[in-house]
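The values are calculated or read from the model by the stated rules, or taken from the named source; none is laboratory data. Here the structure is a predicted model, which means the values were calculated and not measured. Please note: Cβ atoms are built from the backbone with ideal geometry, for glycine as well, and neighbour counts cover all protein chains shown.
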Amino acid sequence: MEISRHWRLKKQRYSLIGEVCPHCDAKIFPPRDVCPECGQEARSEFAFSGRGQVYSHTTIYDAPAGYENNLPYTVALIKLDEGPIVTAQLTDLGAQPVEIGMPVEMVTRRIREDGDERGMLVYGYKFRPAWNAPIK
Amino acid sequence: MNDAVKNTDIVIAGIGQTPVGEHWQLSLKNLAYLAYKAAVQDSGGLKPDALYVGNMLAPVLSHQAHLGVLLADDFGLAGIEAAAVEAGNAGGAAALRLAYLAVASGCVNIAMALGVEKFTDQVGPNVEAAASVILDSDYEAAMGLTPNAQAALLLRRYLYEYQVPRPAFGAFPILAHNNAAGNPQAMYRNLINAESYAQAGMVCDPLNLFDIAPWADGAAAVIVARRDSLPAALPHPLARISGASLATDRLALHDRPNPLFLRAAQKSVERACRQAGILPQDVDFFELCDSTSTYAALSLEAAGFAAPGQGWRMAQDGQLALDGKLPVCTLGGFKGRGNPGGAAGLYQVVEAVLQLRGEAGKNQLPHPQRALVQSLSGAAATAVAHVLEVIH
């Protein structure tokens, strides 16, 4: 079930809370022990806006256990407006083809299912097209 | 360049491998023993004082950890130094790096690096899930990403940034299958062509079935020793390890400043070649890691054989073929021989040694003197490079 493992990540999964380095002001997601920019400890929370652009994307037809019910699903690298890149599924795509550079925004969705109807459902961030976002 | 041969050289004195494929009748231990026995026999009967086991997924796929003692015990060597090394798909190469360090330090006389992987006890989604443990579990695998999907993300970005025609990448698996056809140990000895590549089923867009090396069962082993500790007459030429290096990158793809450049792959080649006193261009062939077509191209770029964005071009005009300027994957690579996880890196080394000894059969290169062998795990989060030179 691994409940604590997912519970521990609730701020990241539900609110995209990362860090800002108190030493060099780098924005960091996912949170880390050591700032990759300046090498000092990074522990100050920072809430990301959840807006970004597709850096790359792939549609998966061969799923790992726990994700078969989503097939096919699209995973992307999203470059957040604040700088970091995050790995996440895309959702609410409709008939719109995904393109590199497409503006997207974070939403909360079910990301995996463990086993049968008694298994745990894991929720977290996905990204959907941000129709009203200005194209940069 | 090639210094005079020294007695303190660290050499590969024995090699062994099983055929790569679906070995339903063989267990992890059975496979390992076959490779062990073959390597010992090949070395004229040397028994290792230390055993370093490369493995990727036995705790997940076979519910078996503690492989060092498991195998030492099975081989009748209980009591010796033995431990497993885990570095994803590069685990076998990492085991060789440790064997090299152990022997070079003088602490171990004769070391064996043995890679073994048993995939076929699990199928489908379980294998995909197992393979995904080499990623960042909380922030990559939890999103449904797999190692193959990582390579797909990189290929999509590569095609976009460098405006490469998609079919061009088919040249890598076509070459791999061509070379595997001459390797009796290889999993796929059938030929493929541009048409069959174009029709292959999509696994994770834009990567198709032929872009991805198949997970398979297998075991390979090499015996490492100082030259002066060996009996005078061995039945084959020795291969000297003249450079050895293991380097790491950021684990998650999303944490890298430029995901399209495999920094660990670059570092491992640079360090191994510097130790050997050569440039990458001085090698006669390159056993690169084509676990996906993406990584074949990116490896050529990271090693400096091609500029960023140009690696794919090298596969278009025959220069990577057996009779080309820089042969790669000479016995089929990951795609043709198969990808036995933590054993793959040692298959690459065994194949390079066969070439250097002149024992590569139908695929024998004309008198190669020096090989560069590189193993990557996933998107080269771990990269291991070895420079091997034949001693006549």
Item to check | Unique match (being closer than 24 Å to A:M120 by Cα and at pLDDT 95 or above) among A:Y67, A:Y14, A:Y55 | outcome: A:Y14
Item to check | Filter result (surrounded by fewer than 18 Cβ atoms within 10 Å (Cβ to Cβ) and either part of a loop (DSSP other than H, G, I, E, B) or touching a residue at least 60 places away in the same chain (Cβ under 8 Å) (or both)) within region A:27-48 | outcome: A:P31, A:R32, A:D33, A:P36, A:E37, A:C38, A:G39, A:Q40, A:R43
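The rows are residues; the columns are (1) more than 30 Å from A:A63 (Cβ to Cβ); (2) modelled with pLDDT of 95 or more; (3) among the β-branched types (V, I, T); (4) in contact with a His (Cβ under 7 Å, 6 or more places away or on another chain).
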{"position": "B:A213", "(1), (2), (3), (4)": "no, yes, no, no"}
{"position": "B:R227", "(1), (2), (3), (4)": "yes, no, no, no"}
{"position": "B:A244", "(1), (2), (3), (4)": "yes, yes, no, yes"}
{"position": "B:R263", "(1), (2), (3), (4)": "no, yes, no, no"}
Item to check | In region B:143-175, the residues that are without any contact (Cβ under 8 Å) to a residue 24 or more places away in the chain, surrounded by fewer than 22 Cβ atoms within 10 Å (Cβ to Cβ) and either facing chain A (nearest Cβ under 8 Å) or under 18 Å from A:H57 (Cβ atoms) (or both) | outcome: B:Y160, B:Q163
Checklist entry - When the residues of region A:49-77 are filtered to those that are within 22 Å of B:N258 (Cβ to Cβ) and of a type in the set (A, V, I, L, M, F, W, C), which remaining residue is surrounded by the most Cβ atoms within 10 Å (Cβ to Cβ)? => result A:A76
Checklist entry - Quick one: in region B:86-105, which of the residues that are in contact (Cβ under 8 Å) with a residue 60 or more places away in the chain and not in a helix (DSSP H, G or I) is surrounded by the most Cβ atoms within 10 Å (Cβ to Cβ)? => result B:A90
Checklist entry - Filtering region B:166-207 down to residues that are among the β-branched types (V, I, T) and out of contact with any His (no Cβ under 9 Å at 6 or more places or on another chain), which residue is farthest from A:L71 (Cα to Cα)? => result B:I174
Checklist entry - Out of curiosity, is B:D138 touching a Phe, Trp or Tyr at 6+ places or on another chain (Cβ under 7 Å) and within 14 Å of chain A (Cβ to nearest Cβ)? => result no
Checklist outcome for this item: Expected output for region A:1-19 (first residue more than 8 Å from chain B (Cβ to nearest Cβ), partner assigned to a helix (DSSP H, G or I) and exposed (fewer than 15 other Cβ atoms within 10 Å of the Cβ), Cβ below 6 Å, 6+ apart or cross-chain) is A:I17/A:K11
Next on the checklist: Scan region B:327-340 and tell me whether some residue there is out of contact with any Asp or Glu (no Cβ under 6 Å at 6 or more places or on another chain) and surrounded by fewer than 24 Cβ atoms within 10 Å (Cβ to Cβ).
Outcome noted: yes
Checklist entry - Quick check: anything in region B:263-274 part of a loop (DSSP other than H, G, I, E, B) and buried (at least 19 other Cβ atoms within 10 Å of the Cβ)? => result no
Checklist entry - When you look at B:A111, is it part of a strand (DSSP E or B) and among the aliphatic types (A, V, I, L, M), yes or no? => result yes
Next on the checklist: Based on this model, can you work out whether B:Q355 counts as closer than 30 Å to B:D255 by Cβ and of a type outside the set (S, T, Y)?
Outcome noted: no
